[in-house]
């Protein structure tokens, strides 16, 4: 089978499951991983015969894609803020909105030295590692309750050779033995169970619910604990940044105001949705 024929086979196999643009995106990602060809190089090698092993890899991936398994889990990696990160079902796949959170923090603190940064609910370590990579003199710690997530985060740190400390703690019950924190950041679970009907099968069936969902009756549970932890750990000039549920911007802002934070802002993402809360003591 030639590469051009393989691409057409991928389109035919997946056309009933995904839009064509997404199918082509899958193909090019698989081609880069299994063949080492960029999108441009694929066009130069259309008539090349595909090895039996590569063909086997492609069709194995197609079977998993038909079951709506995320391609990031199939390839066991994703890109986040210029970093190649290992991902697996113990961690969420980082979203573009979280890159916006990281970008905001970096833009506002890039000229500061010797920062102490804590990332709560760190997951794959994407936020902690991106911040440590750009805020070079910062001392960064990532915290999570999941042993599997922390194994992934530590693996990413080792592979990227970025110095981040990872701690296993439950944000909802554990205290943090770090003082004078300059930046406390978190992308905690914030999707209400009632919102599951809006989510696609690849998220519901494969990504860790522990890192996604909260009860409908108390959707701001994590933010309440984050606010309390911030009051105990932040330096006098410290700041909290949290990714938030787009439907609960006003409520999350009010929670931090009720917790006696002096200045609380809600920032919108590129799609105009409430996405980040920033709060000062």
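The values are calculated or read from the model by the stated rules, or taken from the named source; none is laboratory data. Remember, predicted model here, so these are calculated numbers, not experimental data. Positions of Cβ are backbone-derived with ideal geometry, glycine not excepted, and every protein chain shown enters the neighbour counts.
When residue 82 is tested against (1) surrounded by fewer than 13 Cβ atoms within 10 Å (Cβ to Cβ); (2) over 14 Å from the mean Cα position of the chain (by Cα), exactly one condition is not met: (2). Within the set 271, 261, the sole residue that is within 17 Å of residue 104 (Cα to Cα) and either assigned by TED's automatic domain parsing to the domain that holds residue 185 or out of contact with any strand residue (DSSP E or B) (no Cβ under 6 Å at 6 or more places or on another chain) (or both) turns out to be 271.
Among the residues of region 226-242, which ones are assigned to a helix (DSSP H, G or I) and under 21 Å from the mean Cα position of the chain (by Cα)?
Within region 226-242, 226 is the sole residue that qualifies.
Scanning region 164-180 for residues that are touching a residue at least 60 places away in the same chain (Cβ under 8 Å) and in contact with a helix residue (DSSP H, G or I) (Cβ under 7 Å, 6 or more places away or on another chain) turns up at least one hit.
The condition of being assigned to a helix (DSSP H, G or I), touching a residue at least 60 places away in the same chain (Cβ under 8 Å) and assigned by TED's automatic domain parsing to the domain that holds residue 186 holds for only one of 157, 149, 130, that being 149. The single condition among (1) outside any loop (DSSP other than H, G, I, E, B); (2) under 21 Å from residue 101 (Cβ atoms) that residue 176 does not meet is (1). Residues in region 133-146 that are part of a strand (DSSP E or B) and modelled with pLDDT under 95: there are none. Taken as a whole, region 254-275 holds at least one residue that is at pLDDT 95 or above, closer than 21 Å to residue 130 by Cβ and buried (at least 21 other Cβ atoms within 10 Å of the Cβ). All of 236, 188, 163 fail the test of being under 24 Å from residue 106 (Cα atoms), surrounded by 15 or more Cβ atoms within 10 Å (Cβ to Cβ), out of contact with any strand residue (DSSP E or B) (no Cβ under 6 Å at 6 or more places or on another chain) and modelled with pLDDT of 90 or more, apart from 188. All of 41, 22, 16 fail the test of being free of Cβ contacts under 8 Å to residues at least 24 places away in the same chain, surrounded by 12 or more Cβ atoms within 10 Å (Cβ to Cβ) and more than 25 Å from the chain's Cα centre (by Cα), apart from 41. Residues in region 100-143 that are at positive phi and buried (at least 23 other Cβ atoms within 10 Å of the Cβ): 3 in all. Among the residues of region 3-10, are any surrounded by 13 or more Cβ atoms within 10 Å (Cβ to Cβ), outside any helix (DSSP H, G or I) and modelled with pLDDT under 95? No: region 3-10 contains no residue that is surrounded by 13 or more Cβ atoms within 10 Å (Cβ to Cβ), outside any helix (DSSP H, G or I) and modelled with pLDDT under 95. Within region 100-123, the residues that satisfy the criterion of being assigned to a helix (DSSP H, G or I) and over 23 Å from residue 152 (Cα atoms) are 104, 105, 106, 107, 108, 109. Restricting the first member to region 204-231 and to residues that are surrounded by fewer than 16 Cβ atoms within 10 Å (Cβ to Cβ), and the second to residues that are at pLDDT 90 or above, the beta-carbon pairs closer than 6 Å and six or more apart or on different chains are 216/192; 216/193; 216/194.
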